[in-house]
Every structure is written in C-alpha cells, then in structure tokens.
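The values are calculated or read from the model by the stated rules, or taken from the named source; none is laboratory data. Because the structure is predicted, anything quoted here is derived from the model rather than measured. Neighbour counts run over all protein chains shown; Cβ positions are idealised from the backbone, glycine included. What goes into the accessible areas is simple: the full protein's heavy atoms, side chains included, and nothing from ligands, DNA or RNA. Shrake-Rupley method; radii C 1.70, N 1.55, O 1.52, S 1.80 Å.
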Amino acid sequence: MIICVSANPAIDKRLMIDELRVGEVNRTNSVTPFAGGKAAHVAMAAKALGEDVIWIGLLGGESGNEIARQLRDLGIGVVAIPTRSATRTNLEIIARDGKITEILEPGGAVESAELGKFRDVFSDIVGKTGEEAIVALSGSLPPGMPVDEYYALTSSAKKAGAKVIVDASGPALTAALAGRPDLIKPNRSEAESATGISIENPVDAIAAVRELKERGAGAVALTLGADGLMFCRDVEARSFVRPPKVEVISTVGCGDATVAGFAVAMRRGLNDEDAVRLAAACGAANCLATLPGQITRENVEMLRGKVKLGRSFEK
C-alpha cells in the first residue's frame with residue numbers, strides 16, 4: 001500500500017494562452033481544472049503503475065469535493081478530513097512558447113480540531129498497514145500547521161514500520177530530517193536552501209547530499225533540472241541519472257511522478273539501480289501526460305530502458 005499525504009491540496013487550473021503579458025489583459029484559449037497538490041500527483045502516478053493507493057488530505061468546500069471525486073474516479077482510495085476553509089485553487093499558465101507561470105494560493109488556516117483529526121486518521125491508517133506501507137509526504141503546509149508536522153508524521157510512520165519519502169521545502173524539509181525519512185527528493189533550490197551550498201557542479205551536489213544525509217536522510221534523490229537527477233544512499237556509490245529527452249507538454253508534476261516511481265520501487269523491493277531507472281522514467285513520462293501525474297504505464301516502460309546512469313553529469 002502506498003499512502004500519499006496532502007496537508008495542503010488544491011484544485012489546479014491550467015490556462016493555455018498565446019502570450020502572458022504582465023500588467024495587461026490576458027485572454028485564455030482554454031481552462032482545465034484538475035485535482036492537484038503534489039501528493040495528488042504522486043497518488044495518480046503510483047496508481048497508473050498498478051499499485052493500491054490511499055490519499056489522505058484536508059478538504060473543504062466544493063473545491064475539496066471535486067478533488068475527492070476526481071481521485072476516486074481514478075481508483076484512488078480517498079480519506080478526507082473536512083475543513084471549515086475551502087480548499088485552495090492554484091493557476092498554471094502555459095504560454096505558446098512553452099513558458100510556465102504558476103500562481104499558488106497559501107491555503108486556508110487549519111483549525112486545531114481539524115489538525116487533531118488529521119493526525120489521528122494518519123496514525124490509524126499507518127498503524128493498520130505497518131510494514132506494508134510506503135508513505136509519501138509531499139507539498140507545502142497550510143497556515144496553522146506546525147512547521148515540524150512532517151517530522152511528527154515521519155516519526156509516527158517509522159514507529160509503525162512503514163518506509164517514508166519526504167518531498168518538501170524550507171523549514172518543513174529541514175525539520176523532517178530529524179525523523180530520519182528513508183528518502184527525500186529535494187530539487188536544486190530546495191537543497192541549496194536546506195544546506196546553504198550553491199549547487200553549480202557535481203562536487204557541489206555531492207557536498208549538499210552528504211550534508212542532507214548527515215542530518216538524517218536515509219537516501220537522497222536530488223533533481224537538477226536539465227542536469228538530471230543524482231541519487232545517493234551511499235555518498236561513495238552515488239549515481240547521476242539522465243532521463244531520456246521527450247517532447248514536453250508540461251514539466252509540472254514531473255518531480256511528483258519521480259516520487260511515485262521511488263515509492264513503487266520501494267513497494268516492489270527493487271534495487272537502487274532499478275529504482276532510479278523507474279523513477280526517472282516516471283518523471284519523463286509525466287512530460288508526455290495530458291495532466292500532471294496522469295502518466296501511462298506504457299510510456300514509463302518505453303522510457304525506462306533509455307535512462308542513462310553515470311558517475312557524473314554526462315551529456
């Protein structure tokens with residue numbers, strides 16, 4: 001069982017336009033609303049690969065109801081904790097030249113009773129699944145939720161015997177490290193913020209990963225944009241992973257699909273090389289997806305064999 005936890009889900013609206021003109025009136029060619037938030041994308045991608053998935057999230061209002069409906073329609077088990085505040089709406093604006101602009105709402109404040117229910121539900125589900133569970137904690141925290149919430153959830157899950165992946169940023173990520181998650185998946189800027197190391201070359205990347213591991217991460221999957229991905233469980237046996245080039249519809253959700261690949265690999269007991277190949281293929285397949293997270297197993301399998309592994313950023 002893969003358990004995807006969303007503290008701050010959203011309805012994402014994808015707006016297609018010819019050109020984004022700041023300070024002027026912009027008219028869209030199309031608008032597509034869909035269930036969003038990083039954990040929702042992880043859940044969709046893991047489900048597409050054939051895994052049993054439960055999504056736990058705080059949901060409020062009609063936007064929250066729509067997220068639950070869409071996820072259930074994809075065969076994902078939804079456990080919703082009702083909130084007084086309506087679930088937020090984010091905008092993803094894609095211009096004809098491929099440039100993507102995202103506008104993210106902070107989310108409504110979480111009340112203490114809602115937070116308590118969220119924690120109780122999580123503990124109950126993880127307690128029942130135990131060693132069978134892979135827990136993915138993804139995305140931002142809403143106002144009113146402690147910055148060390150991912151640390152608390154990681155500790156709870158680990159105590160139950162589950163494996164934990166954390167994909168977060170800022171104080172939420174740095175606090176979570178003390179819970180010793182099995183894997184973290186920062187991008188370049190998130191790793192730089194957490195470590196204070198500017199990542200401009202392989203040596204910098206290795207130094208940042210070493211720092212993150214010393215602070216508690218069992219393994220690190222550092223995404224580096226055009227430079228690919230660096231995976232490290234043992235700093236001396238690191239891998240630089242370059243996914244295949246594809247025609248990109250949108251890069252939104254690629255990191256989340258990568259997380260899903262790692263979660264599925266953990267669930268299936270794959271070795272590290274096979275795990276990173278699967279994760280990188282999932283991230284690349286997301287570029288081809290109509291919507292974030294909605295990858296296909298066929299595309300993943302087609303791309304998996306084209307993933308390149310090396311000891312440095314090899315072009």
Residue under evaluation residue 11, criteria (1) more than 30 Å from residue 132 (Cβ to Cβ); (2) more than 19 Å from the chain's Cα centre (by Cα); (3) aliphatic (A, V, I, L, M), criterion not met: (2)
Which listed residue is assigned to a helix (DSSP H, G or I), of a type in the set (A, V, I, L, M, F, W, C) and open to solvent by less than 20 Å² (accessible area, probe 1.4 Å), from 175, 157: 157
Segments classed as strands (runs of 3 or more DSSP E), wholly inside the stretch 1-64, with at least 1 members that are open to solvent by 20 Å² or more (accessible area, probe 1.4 Å): 10-17, 30-36, 53-59
Test for residue 193: is it of a type in the set (S, T, N, Q) and part of a loop (DSSP other than H, G, I, E, B): no
Helices (runs of 4 or more DSSP H) wholly inside the stretch 207-315 containing at least 2 residues that are under 16 Å from the mean Cα position of the chain (by Cα): 254-268, 272-288
Subset of the stretch 116-152 [open to solvent by 50 Å² or more (accessible area, probe 1.4 Å) and in contact with a strand residue (DSSP E or B) (Cβ under 8 Å, 6 or more places away or on another chain)]: 117
Filter result for residue 103 (closer than 18 Å to residue 10 by Cα, under 22 Å from the mean Cα position of the chain (by Cα) and open to solvent by less than 20 Å² (accessible area, probe 1.4 Å)): no
Some residue of the stretch 253-274 being open to solvent by less than 20 Å² (accessible area, probe 1.4 Å), in contact with a helix residue (DSSP H, G or I) (Cβ under 9 Å, 6 or more places away or on another chain), at pLDDT below 90 and among the hydrophobic types (A, V, I, L, M, F, W, C): no
Considering residues of the stretch 100-141 that are in contact with a helix residue (DSSP H, G or I) (Cβ under 9 Å, 6 or more places away or on another chain) and either assigned to a strand (DSSP E or B) or β-branched (Val, Ile, Thr) (or both) only, the residue nearest to residue 269 (Cα to Cα): 134
The stretch 73-95, subset charged (D, E, K, R) and under 25 Å from residue 30 (Cβ atoms), residue surrounded by the fewest Cβ atoms within 10 Å (Cβ to Cβ): 73
